[in-house]
Structures are given as structure tokens and as C-alpha cells.
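One structure below.
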Amino acid sequence: MQLYGVRRAAVATARYSGNKEMERTMTLSLRESVNLITDPKNLDGSVEEVFQLMLGVNCQRYEGPVEIAEPESVTAVVGFGGLLSGACVFRSGAVAAVKIAAHMTGMEFDEIDDTVKDGIGEICNMLAGAWKGKVPDLAANCGLSVPAVITGRDYNLHVQAPEFKLFHTYHFDDASFEVMIICDGLQ
Amino acid sequence: MSEVRTLIVDDSSVMRKIVERSLRQAGLNPLVVFEAGSGVEGLELLKSQPVDLILSDINMPSMDGLEFLRQLRAQNLAPNVPVVMITTESSEEHVKQAILAGAQGYIRKPFTAEQVKERVLPLLTAA
């Protein structure tokens with residue numbers, strides 16, 4: 001699975017939005033804010049905020065290694081474009097995905113159907129937005145793509161030499177999921 | 001409160017349901033909801049359905065929420081109907097663009113029903 005498509009989409013979104021402020025501040029550099037951008041607490045705070053407000057559940061970060069043992073998994077990707085390029089990636093097994101969609105909609109699901117995929121895409125979208133919103137310069141100079149959602153078995157996500165990567169695992173309701181922020185370009 | 005006819009524009013059907021639920025929790029009853037999966041669909045729907053309130057996402061494929069809003073104003077569809085943008089984009093510049101395009105309100109995702117109530121009800125009262 002490659003991230004180039006969603007990154008291009010995010011760049012296009014940033015351009016299409018006619019964001020004059022973004023154009024004007026392209027001489028800005030986010031490198032001075034890199035410590036703030038890579039602060040793991042920002043990602044934890046974003047996950048807690050999104051899950052508390054939209055699902056009404058508390059999420060706990062899990063520090064140990066977690067394998068998603070279920071055969072089927074769902075991955076949502078939202079690209080970043082602008083002064084930071086990369087992606088926010090959400091990944092979980094079917095159990096967590098179905099629980100999340102159930103909390104969002106008040107409906108019950110037996111499998112990863114289109115509504116579940118839609119809900120997971122939106123969760124990833126809100127996580128990406130909340131995360132970049134923690135750093136004002138990032139919020140103002142970085143656009144988001146629409147979410148892409150992939151489901152299936154036996155696939156891996158590969159990113160070549162990112163500038164930085166945050167990779168966290170979270171638990172809620174006896175289910176777990178992973179959130180990854182990958183930056184492959186920082187101006 | 002009399003019937004509130006509301007158009008919700010969002011490419012995510014899940015988000016449309018969440019917005020509808022939040023409006024009901026905010027006390028907008030009776031509520032009649034029209035859903036559109038894109039700005040284009042929203043504009044088409046407004047040609048045949050009068051509404052009292054429009055809530056729109058910004059980041060959507062084919063026609064984004066800001067373009068939807070510009071087209072809405074340019075075509076004089078739903079004049080004087082308050083439009084509230086609901087989006088993950090929350091920088092001052094994004095809010096400014098939405099206001100310039102003709103939005104009366106702005107709600108950042110994730111949101112609570114209380115936030116929806118605070119931002120939407122005054123607009124309906126004013127209208």
C-alpha cells in the first residue's frame with residue numbers, strides 16, 4: 001500500500017481551497033516547531049478527544065507491542081499536504097472497527113460493511129484534523145485529503161525513510177487499534 | 001419550535017447521521033432532514049426543497065463545502081438561510097474563508113451536541 005496518492009490529494013486540497021494565507025506563509029518553516037509537532041502527547045490528546053466526544057468512550061494508550069491477530073483488518077488513511085506532507089493512518093481489526101461504528105451510529109454491525117468503513121474513515125479524518133490542530137502553524141499550513149479506507153487480509157503498510165513517525169496503540173472496550181502519523185516531508 | 005427543515009451535506013453517511021442526532025439532542029424537534037452526499041447534490045436538492053438551515057462539511061470530493069457555499073450564494077438558492085460549516089479544519093484562515101464565502105457559523109469536528117446547540121439555535125432564532 002503506497003501513500004503517494006493520498007498525499008497528492010492533500011496537496012491538491014490545500015491548493016484548491018484557494019488558501020491565500022497558506023500560499024503567503026509557504027516561506028514559513030515548521031522545522032522550528034518540530035518538537036511540538038512530534039510531541040506524542042498531541043496524538044494521545046487527539047485520540048482521547050475524538051473518542052470521548054464522538055463515541056463517548058475513554059481510550060487508554062497501550063505501551064506494549066500489540067499484534068492485530070484477526071485475519072481481517074481495516075486501515076484508513078488521510079493524507080497531509082502543505083508544509084508537512086505525510087499521512088495519518090488508523091488500523092484495527094474487525095472487532096474494534098465494528099465497535100467504533102456501533103458507538104458512532106447507535107447501530108449494530110456483524111461485519112465490516114460500507115457504513116463501518118465510512119465511520120472508520122471519518123474517525124481517521126477527525127484524528128488527523130485534531131492532531132494538526134494542536135500546533136497552530138501546522139493547522140494553518142497543512143491540508144487534509146479525504147479519507148481512503150482499505151480492508152482485507154495479509155497486507156502491510158510500507159513507508160520509505162520517513163522524517164518522523166509516531167506509532168501508538170490504544171485500548172477501549174476490550175478492543176485495540178493503532179494510529180500512526182507518518183511525515184515524509186517537512187518544510 | 002415549528003418544523004425545522006434542514007439540509008445536511010457531507011460525503012460521509014455516518015457523519016450525516018451523527019449531525020442529525022446532535023440536532024435532535026440540541027432540541028430541534030420536529031426536524032425534517034434532507035441529506036446530500038456532495039455539494040452538487042446539495043445544490044440540486046435546494047432547487048426543489050425549501051429549507052430553514054444548512055449544515056455542510058468542507059472537505060469533500062468533487063465539490064468541496066466552500067465551493068458549495070459560493071455556488072449557493074451565486075445561484076441565489078436558499079437566500080437568508082443560515083449555513084453552518086462542520087469540519088475538521090479549524091485554523092483561523094479556514095474559518096475566515098468560510099465566513100467570506102457566506103457561512104454564518106462554524107463547528108469543528110469532533111463536536112458535542114451542546115456545541116451544535118450553542119451555534120445553531122441562535123441562528124434559527126435570528127432568522
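Readers should treat all values here as calculations from the given coordinates under stated rules, not as data from a laboratory. For clarity, every value in this text was computed on a predicted model and none was experimentally measured. Using ideal geometry, Cβ is built from the backbone for each residue, glycine included, and neighbour counts are taken over all protein chains shown.
Of note:
- Modelled label positions at B:Val32 and B:Ser62, each set 7 Å beyond Cα in the direction of Cβ, lie 2.5 nm from each other.
- Here the Kirkwood formula, the inverse mean of 1/r across different C-alpha pairs, assigns the stretch A:52-187 a hydrodynamic radius of 15.3 Å.
- Shielding score for B:60-67, defined as the mean number of other chain Cβ atoms within 10 Å: 2
- If you wrap the tightest convex hull around every Cα atom of the protein assembly as shown and split its volume per residue, you get 124 Å³.
- Peptide A:133-141 - average C-beta neighbours from other chains (10 Å radius): 3
- Average projection, convex hull of the Cα set of the stretch B:4-126: 6.6 square nanometres.
- Look at the stretch B:12-22: the mean tally of other chain Cβ atoms within 10 Å of its residues' Cβ atoms is 5.
- Per-residue Cβ neighbour counts within 10 Å put A:Val135, B:Val32, A:Val34 in the sequence B:Val32, A:Val34, A:Val135, beginning with the fewest.
- Peptides A:81-94, A:102-115, B:14-27, B:38-51 ranked from most to least packed by the mean count of surrounding Cβ atoms within 10 Å: A:81-94, B:14-27, B:38-51, A:102-115.
- Interchain or long-range residues, amide H under 5 Å from B:Thr6's placed H: B:Val32, B:Val33, B:Phe34, B:Asp52
- Entry note, the protein assembly as shown: the mean residue ellipticity at 222 nm calculated from DSSP H runs of n ≥ 4, each adding -39500 (n - 2.57), is -12500 deg cm²/dmol after division by the residues and rounding to the nearest 500.
- Phi-based couplings in Hz for the stretch A:152-161 (Karplus 6.51, -1.76, 1.60; Gly and Pro marked x): x, 10, 6, 10, 10, 9, 10, 10, 7, 6
- Treating each Cα of the stretch B:86-127 as one equal point scatterer and applying the Debye formula with no solvent, the log10 of I(q)/I(0) at q = 0.24, 0.30, 0.32 Å⁻¹ comes out as -0.87, -1.08, -1.11.
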